Amino acid sequence: MMSRFTFTLCLFAAFDAVKAGEAPKIRLNDGNMIPILALGTYGSDEDRAKMRQTVNDAVEVGYRHIDTAALYNNEVEIGQGIADVIGKGLVRREDLFITTKLWNDKHACEQVVPALNESLSRLGLDYVDLYLIHTPGSQKADGSFDYIDYLETWLGMQEAKKLGLARSIGVSNFNSQQIKRIIDNCEIVPAVNEIEVHPALTQERLIAFCQNMGITVMAYSPFGFLVSREVDDAPPPRIDDPTLVAIGQKYGKTTSQVVLRYLIDRGTIPIPKSTNKRRLQQNIDMFDFKLTPEEIVTINKFNQNRRIFDTSYWKDHPHYPFNID
Ligand SMILES: NC(=O)c1ccc[n+]([C@@H]2O[C@H](COP(=O)([O-])OP(=O)(O)OC[C@H]3O[C@@H](n4cnc5c(N)ncnc54)[C@H](OP(=O)(O)O)[C@@H]3O)[C@@H](O)[C@H]2O)c1
């Protein structure tokens, strides 16, 4: 029979990976562990100027996963924040999970590792935990369309993983057919697909496809139109939506926390962005409740397949991903 001492040890072992206030972790298909909440960092020049402090604030309140990209032009500031929190002894490098992304003008196979090395140099790191192809569509440096097959790009991503520069590799904004082409033709299955998911864009088919293939979904723009967006016809739910308010009241949570928990309970990793310490704290404070399956169905009913980002510029690109799930 298990003694009380052994039982206590087992309990400690079970919770070892997660300290109070941090997000739990799950295992990716390549064996690596990933925290199930990430800090979003895409924003204005004003946001970028705050990013070093934001990384400090976020790590202080428990974030261990940071999502950036070469495109966001903030890897330097994020790297400074990472150096600060490691220097202060708040965390070690291995406690952090850093995701960055390859931009569209570096899709040739031989460009991938040099582009990652440039990101690493800006971040001040010698590896990232996750490197993603930002979109399947390649572009020339001047912004015009290029036609490099993302299968070629994936060969460069595999090289980055083999060199140990990226512990895990994945994609972003890929549809199911594009992912299937990678699986059918390449050696390594993507670990992650980072896509837009929120109550107005529930992505049920694409999420089911990814999860059936063992691919973890990271959910960007998780608040959807809940928060202020510069559109005249923003669809519901908004931040004061009565259905979300009622669910929040049941658990003593805000509507933004309900939406983040909805994404967690659907098995995705939300990436809320904030540069405000109070909201950073609020956005990580949702690991003490869980929605019922009925509440998830209720929130799914908000779906209107509405994207935050206008993708019309891309619609004639041969690798445009948003015409199918
Ligand atoms: N892979 C891709 O192609 C892709 C595309 C888009 C985004 N992303 C990633 O996903 C992240 C998140 O997406 P996003 O920035 O578009 O949208 P988001 O995280 O859904 O929303 C951000 C907005 O919500 C506000 N906010 C944050 N917490 C709040 C709270 N608790 N209550 C009320 N408002 C709150 C923020 O303002 P404050 O900062 O003032 O709090 C900001 O205006 C990005 O930062 C980026 O890392 C990836």
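The values are calculated or read from the model by the stated rules, or taken from the named source; none is laboratory data. Small disclaimer: the values here were computed from a predicted structure and weren't measured. Note: ideal-geometry Cβ built from the backbone for every residue, glycine included; neighbour counts use all protein chains shown. Surface accessibility is based on the protein's heavy atoms, side chains included, excluding ligands, DNA and RNA. Shrake-Rupley method; radii C 1.70, N 1.55, O 1.52, S 1.80 Å.
For the chain, the share of accessible area belonging to carbon and sulfur comes to 52 percent (1.4 Å probe, ligands and nucleic acids excluded).
Would you kindly state how much longer the chain becomes between Gln80 and Lys140 on full extension, computed as 0.36 nm times their sequence separation minus their alpha carbon distance, in nm to one decimal? Here the segment from Gln80 to Lys140 would lengthen by 18.6 nm.
Placing +1 on the Cβ of every Lys and Arg and -1 on the Cβ of every Asp and Glu, with no other charges, gives region 133-265 a dipole of roughly 540 debye about its Cα centre.
Which shape class, rounded, prolate or oblate, goes with region 57-121 when its Cα gyration tensor gives a ≥ b ≥ c as root eigenvalues, a/c under 1.5 marks rounded, and past that a/b bigger than b/c marks prolate? Judged from the Cα gyration tensor, region 57-121 comes out prolate (a/c at least 1.5, a/b above b/c). Going by a ≥ b ≥ c, the root eigenvalues of the Cα gyration tensor, does the chain fall in the rounded group (a/c under 1.5), the prolate group (a/b larger than b/c) or the oblate group? Rounded shape, in that the Cα axes give a/c under 1.5.
Of interest is the spacing of the C-alpha centroids, which for region 206-224 and region 26-48 amounts to 13 Å. In straight-distance terms, cross-link reach from Lys25 covers every one of the aspartates and glutamates whose alpha-carbon lies under 19 Å from its own, apart from those fewer than eight places away in the same chain; here that gives Asp16, Glu60, Asp67, Glu94, Asp95, Asp129, Glu194, Asp265, Asp285, Asp288.
Here's the list of lysines a cross-link from Lys101 could span, going by alpha-carbon distance under 19 Å and ignoring same-chain residues fewer than 8 apart: Lys140, Lys161, Lys162, Lys273. For region 78-134, a simple Cβ point-charge model (Lys and Arg +1, Asp and Glu -1, everything else neutral) yields a dipole of about 140 debye relative to the Cα centre. If the segment from Gln53 to Glu152 were pulled out straight at 0.36 nm per residue, it would be longer than the present Cα-Cα gap by 31.9 nm. Look at the dipole of region 68-168 built from charges on Cβ: of His107, Ser121, Gln139, the Cα furthest out on the positive end belongs to Ser121.
Applying the criteria of a DSSP loop state and at most 15 other Cβ atoms within 10 Å to the trypsin sites (Lys or Arg not before Pro) of region 50-125 yields Lys88, Arg92. Rounded to the nearest 500, the helix-only mean residue ellipticity at 222 nm of the chain stands at -12000 deg cm²/dmol, with each DSSP H run of n ≥ 4 adding -39,500 (n - 2.57). Here Lys301 is the anchor, and the lysines within straight C-alpha reach of less than 22 Å, apart from those fewer than 8 places off in the same chain, are Lys250, Lys253, Lys290.
Annotation note: trypsin sites (Lys or Arg not before Pro) in region 274-325 located in DSSP loop regions with a Cβ neighbour count of at most 12 within 10 Å are Lys290, Lys301, Lys315.
Based on C-alpha pairs under 8 angstrom that are at least 6 apart in sequence, the chain has a relative contact order of 17 percent. Per-residue packing, averaged as other Cβ atoms within 10 Å, sorts the ranges 158-169, 66-77 into the order 66-77, 158-169, beginning with the highest.
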